[in-house]
Amino acid sequence: MASVRRFQVGDVLGPLVRPPVTKTQLVMYSGASGDFNPIHTVDEYAREAGLGGVIAHGMLTMAFVGQLLTETAGAGGALKRFGVRFVEMVRPGDTIVCEGRVTGVAEQGGQQVVTCDVWAAIEGSGKHAVIGQAVFTAPLQEEETPSQEDGP
Amino acid sequence: MSLESFRACIGRASEPVKNEIEKGAIRKFAEAIGDPNPLYRDEAAAGGRLVAPPTFSRTLDYGRVPGLELPRAGLIHAGQEFEYFRPIYSGDVLYCHTRLVDVFEKQGKLGRMVFLVFEMEARDQDGNPVVRQKSTVICREAGD
């Protein structure tokens, strides 16, 4: 079993390099999310809207950053806050690289409370698609099998 | 809708909508975002019930703010924030509402843009908050 990670200010999170976004993925995300805005799925429509072709849902890119955060926090950790601004459009073929940097660490209730900056870069463009911040908890010590919180 | 008629809706909230969290919906969402985490797919790995990915709650039905008409195709998502109180699990029954909390105007690259800020909340059957969100959208087709 892997030992517990102790976070420090300045630690780099990731990179998580995602496979290139595909048009099929945008159709799948539309179906799974219920967001059927045709700018994500119909090229003709997106061109008429002045976008030059379909663009990815901002929430899809945010989900990639969410994966980075949940993988970083680990099974014993939990995401507490997560916010982003959508700053650049993502298109089919783009490779998204998610990264972060720890900006604060506190110990509270036997856990590490980690504050970080996060971002998703569009590989090869020098541009960020989203930038934001997050707070997550991570265990201070090795845990047994993580127990599921009681539901309602 | 004009800026003034948007502003008239500030403070209004939708009626809470009952959302039943289905296993299939979580699996389909995990598949779409391509996140291989077994907690989103395999009940045994998840210890009983599937866990929803952190952005899943944006896809729930929060109802409509009375009197607010949004041009679906003209909306751009500008920002999104989540505050988590506990994870969402399959089998959860959540009551979700949205409230328009701010409307403001900015001059941007595409001309005049109207920003709408919504606060959304999902609560469990006992009324405890499960996740809160703040969502900022830009309305490009706002009239004068």
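The values are calculated or read from the model by the stated rules, or taken from the named source; none is laboratory data. Remember, predicted model here, so these are calculated numbers, not experimental data. Ideal geometry is used to build each Cβ from the backbone, glycine not excepted, and the neighbour counts take in all protein chains shown.
Might you check whether a residue that is free of Cβ contacts under 8 Å to residues at least 40 places away in the same chain, of a type outside the set (D, E, K, R), surrounded by fewer than 17 Cβ atoms within 10 Å (Cβ to Cβ) and away from chain A (no Cβ under 13 Å) occurs anywhere in the range B:61-76? For the range B:61-76, residues free of Cβ contacts under 8 Å to residues at least 40 places away in the same chain, of a type outside the set (D, E, K, R), surrounded by fewer than 17 Cβ atoms within 10 Å (Cβ to Cβ) and away from chain A (no Cβ under 13 Å): absent.
Scan the range A:69-97 residue by residue and report those that are over 30 Å from residue A:51 (Cβ atoms) and more than 9 Å from chain B (Cβ to nearest Cβ). If the condition is that a residue be over 30 Å from residue A:51 (Cβ atoms) and more than 9 Å from chain B (Cβ to nearest Cβ), then A:72, A:73, A:74, A:76, A:77 are the ones that fit. Taking the condition at the interface with chain B (Cβ under 8 Å from one of its Cβ atoms), of a type in the set (S, T, N, Q) and either under 24 Å from residue B:136 (Cβ atoms) or surrounded by fewer than 22 Cβ atoms within 10 Å (Cβ to Cβ) (or both), does residue A:33 pass? Yes.
Going through (1) in contact with an Asp or Glu (Cβ under 7 Å, 6 or more places away or on another chain); (2) part of a helix (DSSP H, G or I); (3) of a type in the set (Gly, Ala, Ser) one by one, residue A:53 falls short only on (2). Looking across the range B:15-57, just one residue is within 10 Å of another protein chain (Cβ to nearest Cβ) and in a strand (DSSP E or B), and that is B:51.
The set of residues in the range A:35-53 being under 25 Å from residue B:27 (Cβ atoms) and touching a Leu at 6+ places or on another chain (Cβ under 9 Å) consists of A:37, A:40, A:41. Go through the residues of the range A:40-59 one by one and say whether even a single one is touching a residue at least 40 places away in the same chain (Cβ under 8 Å), surrounded by fewer than 16 Cβ atoms within 10 Å (Cβ to Cβ) and on the phi < 0 side of the Ramachandran plot. The answer is no; no qualifying residue exists. Residues of the range B:77-116 that are without any contact (Cβ under 8 Å) to a residue 60 or more places away in the chain, under 24 Å from residue B:53 (Cβ atoms) and assigned to a strand (DSSP E or B): B:79, B:80, B:81, B:82, B:83, B:84. Every residue in the range B:1-42 that is in contact with a Leu (Cβ under 6 Å, 6 or more places away or on another chain) and modelled with pLDDT under 95, please. The answer is none; no residue qualifies. In the range A:4-30, the qualifying residues are those that are among the β-branched types (Val, Ile, Thr), over 22 Å from residue B:31 (Cβ atoms) and surrounded by 12 or more Cβ atoms within 10 Å (Cβ to Cβ), and the one that is nearest to the other protein chains (Cβ to nearest Cβ) is A:4.
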